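Read the structure below first, then the notes.
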Amino acid sequence: MGIADEDLRDLTRYRESDRFSEVEKLALDLAVAMTATPAEV
């Protein structure tokens, strides 16, 4: 278990990547919004 190297490499372009499911992309969108300054959630 863990994160594949390929997933880590694609993380900065997760929206365009085929490595992430739509649910994973939504979770990453939420994480990005929650950590933005100022928060955008």
inquiry  = Output the 0 to 90 degree angle, nearest 10, between the alpha-carbon long axis of helix 22-35 and the longest principal axis computed from the alpha carbons of the chain.
reply    = 40
query = Just from its helices, what would the mean residue ellipticity at 222 nm be for the chain, if runs of 4 or more DSSP H residues each count -39500 (n - 2.57) and the sum is divided by every residue, rounded to the nearest 500 deg cm²/dmol?
reply = -14500 deg cm²/dmol
Coil-residue GluC sites (Glu not before Pro) of the range 1-33, DSSP, other Cβ within 10 Å capped at 12 = 16
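Readers should treat all values here as calculations from the given coordinates under stated rules, not as data from a laboratory. What you are looking at is a predicted structure, and each value in this text was computed from that prediction instead of being measured. As a convention, Cβ positions derive from the backbone with ideal geometry for all residues, glycine included, and neighbour counts pool all protein chains shown.
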